[in-house]
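The values are calculated or read from the model by the stated rules, or taken from the named source; none is laboratory data. Note that the structure is a prediction, hence the values are computed from the model and not measured. Positions of Cβ are generated from backbone atoms using ideal geometry, with glycine treated the same way; all protein chains shown enter the neighbour counts. Only protein heavy atoms, including side chains, enter the accessible area calculation; ligands, DNA and RNA are left aside. Shrake-Rupley method; radii C 1.70, N 1.55, O 1.52, S 1.80 Å.
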Amino acid sequence: MVTNTFPKTPRRPIADDVCSTRNSLSEGPTEANSIPVSSIATLKVAINYRVKNKILPDDAAGRKRANWTFTNRELTPEDFIEQVSSGFAFCPWLSGRRHPSNFRCMQVLAVDVDFGLTIDDVLANKFFETFGWFIYTTSSHKPDAHHFRVVFLLAQPIDTVERMNQAYTGIRMIVGGGLCSKDASRMFYGSENCEIYRAGHVLPAEQLESVIELGQIAIDCREYVEHLRRDLNRQWHVHTSDFRPIERKLVDACYSDGE
């Protein structure tokens, strides 16, 4: 007999939870909720002045050196944009080398968009229109193949690894990414002479909490379905030669109460 070893089951139907939270975020904001970037004097972010534009994939030594050369800064919003458009990389404040265990805080939330969406798609996104800061093109960007980064300025820094991971997952779902969470200490490359598209707003604390909640729901969903997939895969090898009914159970799990 195969024993189920699932993580905690969802509080409500998983897909309903995700869709309800995402819809409330994308449809709910109005201009009355927006906060101008001018209300933020400085923001907390680390800058690497030894990494310009991009580290080549085969430069493992360069990547390793970069992990030790970030400088914690408090920059004005315009100074931060200038650093990014000069090509310098950024990441959270750190207490040592770039690693989640050394995460201190981060006041910027960024999303990479490398396929599917265009810059105009994101500019038309109601959530970004109301709470977004700016978009900048990355080094791979082309007119017929958009590659860009969407940036949000937080009213207050995120100060734990768990909340940072949840925020990355939640904001990717809102902007158009998948369910993949991000390393809380992730480095984002700058892009020299990039194109800048501004919305000019701050992501308020209450909206950030909703983004984090959405991220946690998505993380729970992914963990639950992954455990279910592994368990059903074991059952398939033991009990059946037809995988289709098990695939159906896996899909249905997203719409169940986990019972």
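For region 66-118, a residue qualifies if it is surrounded by fewer than 16 Cβ atoms within 10 Å (Cβ to Cβ) and of a type in the set (Gly, Ala, Ser), and the qualifying residues are Ser95, Gly96, Ser101, Gly116.
Contact annotation: residue pairs with Cβ atoms under 8 Å, 6 or more positions apart or on different chains, pairing a residue in region 153-175 that is more than 12 Å from Ile219 (Cβ to Cβ) and among the charged types (D, E, K, R) with a partner that is open to solvent by less than 40 Å² (accessible area, probe 1.4 Å) and not in a helix (DSSP H, G or I), are Asp159/Cys105. Scanning for something under 26 Å from Glu209 (Cβ atoms) and either among the polar types (S, T, N, Q) or at pLDDT 90 or above (or both), does region 6-16 turn up at least one residue? Taking every residue of region 6-16 in turn, at least one turns out to be under 26 Å from Glu209 (Cβ atoms) and either among the polar types (S, T, N, Q) or at pLDDT 90 or above (or both). Taking Glu206 and the conditions (1) open to solvent by 10 Å² or more (accessible area, probe 1.4 Å); (2) in contact (Cβ under 8 Å) with a residue 40 or more places away in the chain, which numbered condition does it fall short on, given that it satisfies the others? Result: Glu206 passes all but (2).
The residue that is nearest to Thr137 (Cα to Cα), among those in region 66-101 that are touching a strand residue (DSSP E or B) at 6+ places or on another chain (Cβ under 7 Å) and free of Cβ contacts under 8 Å to residues at least 24 places away in the same chain, is Thr69.
Residues of region 100-119 that are over 14 Å from the mean Cα position of the chain (by Cα) and within 16 Å of Arg163 (Cα to Cα): Pro100, Ser101, Asn102, Phe103, Arg104, Cys105.
The set of residues in region 132-171 that are assigned to a strand (DSSP E or B), open to solvent by 30 Å² or more (accessible area, probe 1.4 Å) and among the basic types (Lys, Arg) contains only Lys142. Going by what's in this entry, would Val122 be described as buried (at least 19 other Cβ atoms within 10 Å of the Cβ), within 15 Å of the chain's Cα centre (by Cα), assigned to a strand (DSSP E or B) and among the β-branched types (Val, Ile, Thr)? No: the conditions fail for Val122.
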